[in-house]
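Below is one structure, written out as structure tokens; the observations come after it.
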Amino acid sequence: MICLLDVNALPALGFHEHEFHGRVARWVAALGGEITLATCPITELGFVRILSQVPQYRITIEQARTLLARLKSSRARRLTFIADSHGAERLPRWVKTGRQTTDGHLCALAAANAATLTTLDGGSAAAFVIPESWFHGNLCAPKDKGLIIGFMGGHLVRSCLASVFPLCFALRDLKTPSE
């Protein structure tokens, strides 16, 4: 399974101070080896835009680009890049408002590349939603040793437990010794 991280999930994974970092980091830690994480031009640009626009992060565009490069080159879990040549003519029919265009575009791009758009919100029925919390604050392994990793179309999706990998970077990782 290939999970195309959306414009919310990618910054949450890559930036420790993001409000949803813990949620995404726990989900990634629970993924089995058969899961590949992916980015695309829109999600990478969104990563840079979001981190550089949030005032409390105090991150420049160059620092955001550096964080993204570190995340993409991590040995713990590499990110695959999905090239994007899709235009507006490829938007799904369910896109009816301007707010749905990016999700629609990313869903179509994911589908064309045997991937699933992976998000933090339920804005699209075609997207996989990273779960908000784990049972009792921990990962839950049912009898079949499967691990609940999220919801898609109202159905639970399971994977096997894997090692926890440090995929995020904190703002302090960008500071030079003189700062």
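A few comments on the model shown:
- Only a single item in (1) in a loop (DSSP other than H, G, I, E, B); (2) exposed (fewer than 15 other Cβ atoms within 10 Å of the Cβ); (3) of a type outside the set (D, E, K, R) is not met by residue 22, and it is number (1).
- Selection from the range 41-63 of residues that are of a type in the set (A, V, I, L, M, F, W, C), in contact with a helix residue (DSSP H, G or I) (Cβ under 6 Å, 6 or more places away or on another chain) and crowded, with 16+ Cβ neighbours inside 10 Å: 47, 48, 50, 51, 59
- When residues of the range 90-109 are limited to those that are closer than 26 Å to residue 33 by Cα and either among the aliphatic types (A, V, I, L, M) or more than 18 Å from the chain's Cα centre (by Cα) (or both), the one surrounded by the fewest Cβ atoms within 10 Å (Cβ to Cβ): 108
- The listed residue being out of contact with any Pro (no Cβ under 6 Å at 6 or more places or on another chain), in a helix (DSSP H, G or I) and farther than 16 Å from residue 129 by Cα, out of 45, 106: 45
- Residue in the range 76-89 that is surrounded by 10 or more Cβ atoms within 10 Å (Cβ to Cβ), out of contact with any strand residue (DSSP E or B) (no Cβ under 6 Å at 6 or more places or on another chain) and assigned to a helix (DSSP H, G or I) present: no
All of the numbers you see were taken from the coordinates with simple rules; none came from a lab. Predicted model only: the values in this text are computed from it and were never measured. Methodologically, a virtual Cβ is constructed for each residue, glycine included, from the backbone with ideal geometry; neighbour enumeration extends over all protein chains shown.
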